[in-house]
There are 4 protein chains.
Amino acid sequence: MNDMIRVTVWNEYHHEKTEKEVAAIYPDGIHQTIAGFLAKEDDFSIRTATLDEPEHGLCQEVLDQTDVLIWWGHVKHEQVSDQVVERVCSRVQKGMGLNVLHSGHMSKVFRKLMGTSCTLRWHEVAEKERVWVINPQHPIARGLPPYFEIHHEEMYGERFDIPAPDELVLISWFQTGEVFRSGCCFTRGYGRIFYFQPGHETHPIYHHPQVQQVITNALRWAAPIFEGSPVINGDWVAPLETL
Amino acid sequence: MNDMIRVTVWNEYHHEKTEKEVAAIYPDGIHQTIAGFLAKEDDFSIRTATLDEPEHGLCQEVLDQTDVLIWWGHVKHEQVSDQVVERVCSRVQKGMGLNVLHSGHMSKVFRKLMGTSCTLRWHEVAEKERVWVINPQHPIARGLPPYFEIHHEEMYGERFDIPAPDELVLISWFQTGEVFRSGCCFTRGYGRIFYFQPGHETHPIYHHPQVQQVITNALRWAAPIFEGSPVINGDWVAPLETL
Amino acid sequence: MNDMIRVTVWNEYHHEKTEKEVAAIYPDGIHQTIAGFLAKEDDFSIRTATLDEPEHGLCQEVLDQTDVLIWWGHVKHEQVSDQVVERVCSRVQKGMGLNVLHSGHMSKVFRKLMGTSCTLRWHEVAEKERVWVINPQHPIARGLPPYFEIHHEEMYGERFDIPAPDELVLISWFQTGEVFRSGCCFTRGYGRIFYFQPGHETHPIYHHPQVQQVITNALRWAAPIFEGSPVINGDWVAPLETL
Amino acid sequence: MNDMIRVTVWNEYHHEKTEKEVAAIYPDGIHQTIAGFLAKEDDFSIRTATLDEPEHGLCQEVLDQTDVLIWWGHVKHEQVSDQVVERVCSRVQKGMGLNVLHSGHMSKVFRKLMGTSCTLRWHEVAEKERVWVINPQHPIARGLPPYFEIHHEEMYGERFDIPAPDELVLISWFQTGEVFRSGCCFTRGYGRIFYFQPGHETHPIYHHPQVQQVITNALRWAAPIFEGSPVINGDWVAPLETL
């Protein structure tokens, strides 16, 4: 029981309530679809949180009980309060894992942790994406074939304005001529961060078995190894006279 | 002339005005000492800026005419206005180089670009530091011996809470039992960032020939390769029909 | 049962048979001491192999049944046959993990996989080493304190002539003024490689609890994620007409 | 004069002599075409060498006078003598730069320095390649647009079995659905290595202005910063009593 990874799936939960096309794919919201396939695994205990809840569902207590946070947001980034952003980033720096999905690249949380604009090239023509595994020996690639295809996806293309990832696991090919670093690992403080590009709301991408596999793997990879406060200034580890 | 690297040396310029011990080492301020040894090089055009100047000497025009910014700050980090911090970070992301010295690790600018706390272990007993070159084939190591010594320095020790550097050039040994990643390269947006640890104000460290060599090398390394705006969203690079 | 990590501990097994001082510390050989502390873990199935066995104990069948190989060698590197070296390297490239200990840095296997000389600075005065954890959020650092001490160790110092590690987990401080990247992660082909510096034969280093912890962690980290042959030339993945 | 970068362009020089199609594009050999466009730069002094010359044109004296070596080979890798391979690798480890082009990925030299199989996916249908710059602030990207196109190229696709590059500068898109890390930086010993994928002999790729720009930039990047012997074992840097 104490080995369970406590996952919180966060979603801005807007398109599903306002667009029939999206609601048809995710009737209870993207967060519930993600929570649904994660629930098939034995080692996750799962809760969800959304923008409209008090404190966006991310009060300190919830975060303190979260090992890995999944983040999906798109058009409501600016409505996430700075206080919650600060709380989430601080919790990551102290050890919580973070999996940022698709348009979450422009979330305040991700941009603050990266220190860059996180912009990219994009267009939306429902084209084919092929996701290539370039690091098959990485835990996030466990069980994946050499590549998998998503038949209709929004294009995200380079240059993706992120710091060089610590590890690059996936690179995507798009039919219209672009490439994208679609699976990127980072650490910030004691927290492990994975950015994963697939997931446009108008396509059934979180129903895709390999997409589900990547998210599942990434949660296990991002689960905390060490938790603590980074501030250790002034700690006299080794007085001069002891040598 | 157009190949000159335009350098701005920024200093909070406080200790030199309030502490005799520091004034004896840097009578005109740390910034003037740094500007002085840089002036011996043919390829730098140099200006300085300090905290007490209007906009801390870093108005948009000055930054736009700066290729690489050197940053020294210590006890006045919180007095640097958020507007200037934002302006500096934005300019780095668009291509300006940044060399952060010593206690600048806790500056608002460096922390914002790193996305971490940037804390470290420290104490001050005027101990010996030995700076080891672990990447002698890096441009920032040009002309350095296998190691150099600083006879009296404040100790900065691991764990230094930074993202994994893109390149690690220097590791320091301290007499009291600590190690430190003392020369670290990063990129953020189009800007190249070098953090260099030596430089406590109560020791004549910026008069040290190898310390001067590292700073000189780092300016050349950090000079912009590409300058531009990272925002390219919505740019239709390759319409589907052209394939 | 199928989740057991199959470990083979390889030792050149020379000093223990010829030097009383070493035999006193490792009466049955370094390999047996390592196998002994690993046997306390539930998830390892362990065998040993030594230089004097036929094919050095590393026939194809043994390697095929090995998930992670530990390598300790010192003065007999040149007596390891090129055929076995080729077999080990090939198995690593196909997914087997490899943990190289101490003087194994000069083994034919490690040098072949690194592509560099793997030389370093060294001397032997039984000095103090302090091993600092600079990447506490890495699986190999699990359960470690901020640093641990080895009271008497041979000094290994920079510059260590290796490629830049994929991840740097540990940096060591030595009493005589040197630093060393003492815990380094690499991948080659599908295999994960960890180099760990402590372990001179004249000191009881493999009896040290934190040293044992690192080796235990490293085995779990290096266990194969993916196994296969790298050769896929000429495979027509996507005929032009299918787009 | 002493700032000239001494370049040696090596070519196996086989296809140009046996295939009319190739000879039409490179009448004097790929090496002469490359030497030709490099000769327009002020800071290169250029010589060429080919497989059929004594010692393949790479005697010790030539290598000692070479700052950066360009390597193009395809079907004659096995005819390069092990002695010359050893000599080239040793010279790289001591500081010479190396730019490996296209099918040179399977050369003995590159494979020995990488420690991996260096295999990849490939097919030849004269398809379109689009080379994306993902690291525009890197010296090798100087002067490049966001991407450039090669209208007909052999496809090289992932997974490319190389160690994780120190820096990834270019990623290519291929019309048939593949991606490739087409511009990769490594260091081995004191030598800097750049692998650059374009260059199939049946297409006029080394006449392409951006391809020429990359090669030109890469020579400047790979020019030696430090030259020396990596062997420093047993050097007593800091006797215990001096502390």
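The values are calculated or read from the model by the stated rules, or taken from the named source; none is laboratory data. The structure displayed is predicted, hence computed values, not measured ones. Note that each Cβ is placed from the backbone with ideal geometry, even for glycine, and that neighbours are counted across all protein chains shown.
Which one of the conditions (1) under 30 Å from C:Phe226 (Cβ atoms); (2) modelled with pLDDT of 95 or more does C:Gly29 fail to meet, given that it meets all the rest?
(1)
Of all residues being of a type outside the set (Val, Ile, Thr) and in contact with a Leu (Cβ under 6 Å, 6 or more places away or on another chain) in the range C:192-201, which is farthest from D:Ile162 (Cα to Cα)? Just the residue, please.
Ranking the candidates gives C:Gly199 first.
In this structure, does A:Ala218 turn out to be surrounded by 24 or more Cβ atoms within 10 Å (Cβ to Cβ), of a type in the set (A, V, I, L, M) and more than 7 Å from every other protein chain (Cβ to nearest Cβ)?
Here the answer is yes, as A:Ala218 does meet what is asked.
Would you pick out the residues in the range A:119-151 that are among the small types (Gly, Ala, Ser) and closer than 15 Å to A:Thr202 by Cα?
Scanning the range A:119-151 gives a single hit, A:Ala126.
Inspect the range C:74-85 for any residue being of a type outside the set (A, V, I, L, M) and within 26 Å of A:Pro136 (Cβ to Cβ) and give the result as yes or no.
no
From the list A:Phe160, A:Phe148, which residue is out of contact with any Ser or Thr (no Cβ under 7 Å at 6 or more places or on another chain) and either over 16 Å from A:Leu101 (Cβ atoms) or hydroxyl-bearing (Ser, Thr, Tyr) (or both)? Full working, then the answer.
Values: A:Phe160 fails: either over 16 Å from A:Leu101 (Cβ atoms) or hydroxyl-bearing (Ser, Thr, Tyr) (or both).
Unique residue meeting the criteria: A:Phe148.
I'd like the residue in the range C:1-24 that is assigned to a helix (DSSP H, G or I) and charged (D, E, K, R) and, out of all such residues, is farthest from the chain's Cα centre (by Cα). Outline the logic, then answer.
In the first step, residues of the range C:1-24 are kept if they are assigned to a helix (DSSP H, G or I); the result is C:15-18, C:20-24.
Of the ones still in play, those that are also charged (D, E, K, R) are C:16-17, C:20-21.
On the way: C:Glu16: 19, C:Lys17: 22, C:Lys20: 25, C:Glu21: 24 Å.
Among those residues, the one meeting the criterion is C:Lys20.
Specify the residue that is surrounded by the most Cβ atoms within 10 Å (Cβ to Cβ); the eligible residues are those in the range B:99-126 that are within 14 Å of B:Glu158 (Cβ to Cβ) and in contact with a Phe, Trp or Tyr (Cβ under 7 Å, 6 or more places away or on another chain).
Here the answer is B:His105.
Only one residue in B:Asp42, B:Asp3 is farther than 23 Å from B:Leu113 by Cα and modelled with pLDDT under 95, so which one is that?
Numbers: B:Asp42 fails: modelled with pLDDT under 95.
From the options B:Asp42, B:Asp3, the qualifying one is B:Asp3.
What number goes with the only condition from (1) crowded, with 24+ Cβ neighbours inside 10 Å; (2) within 30 Å of B:His74 (Cα to Cα); (3) aromatic (Phe, Trp, Tyr) that A:Phe180 does not pass?
Among (1) crowded, with 24+ Cβ neighbours inside 10 Å; (2) within 30 Å of B:His74 (Cα to Cα); (3) aromatic (Phe, Trp, Tyr), A:Phe180 violates only (2).
In this structure, is C:Glu129 of a type in the set (Asp, Glu), at pLDDT 95 or above and crowded, with 23+ Cβ neighbours inside 10 Å?
Considered against the rule, which asks whether it is of a type in the set (Asp, Glu), at pLDDT 95 or above and crowded, with 23+ Cβ neighbours inside 10 Å, C:Glu129 comes out as yes.
Of all residues in the range D:57-99 being in contact with a His (Cβ under 7 Å, 6 or more places away or on another chain) and among the hydrophobic types (A, V, I, L, M, F, W, C), which is farthest from D:Arg220 (Cα to Cα)?
D:Val75
Has the range B:54-64 got at least one residue that is of a type in the set (Gly, Ala, Ser), more than 14 Å from chain D (Cβ to nearest Cβ) and out of contact with any strand residue (DSSP E or B) (no Cβ under 6 Å at 6 or more places or on another chain)?
no
Just to be sure, is D:Glu149 closer than 28 Å to C:Cys89 by Cα and either in contact with a Phe, Trp or Tyr (Cβ under 6 Å, 6 or more places away or on another chain) or free of Cβ contacts under 8 Å to residues at least 24 places away in the same chain (or both)?
no
Could you check the range C:213-243 and list, in sequence order, the residues that are within 37 Å of the chain's Cα centre (by Cα), among the aliphatic types (A, V, I, L, M) and either assigned to a helix (DSSP H, G or I) or modelled with pLDDT of 95 or more (or both)?
Scanning the range C:213-243 gives C:Val214, C:Ile215, C:Ala218, C:Leu219, C:Ala222, C:Ala223.
I'm trying to understand the selection: among the residues of the range B:92-146, which are under 25 Å from A:Phe110 (Cβ atoms), more than 10 Å from every other protein chain (Cβ to nearest Cβ) and more than 15 Å from the chain's Cα centre (by Cα)?
Hits for the range B:92-146: nothing passes.
Among the residues of the range C:155-203, which ones are within 10 Å of chain D (Cβ to nearest Cβ), assigned to a strand (DSSP E or B) and polar (S, T, N, Q)?
C:Thr187
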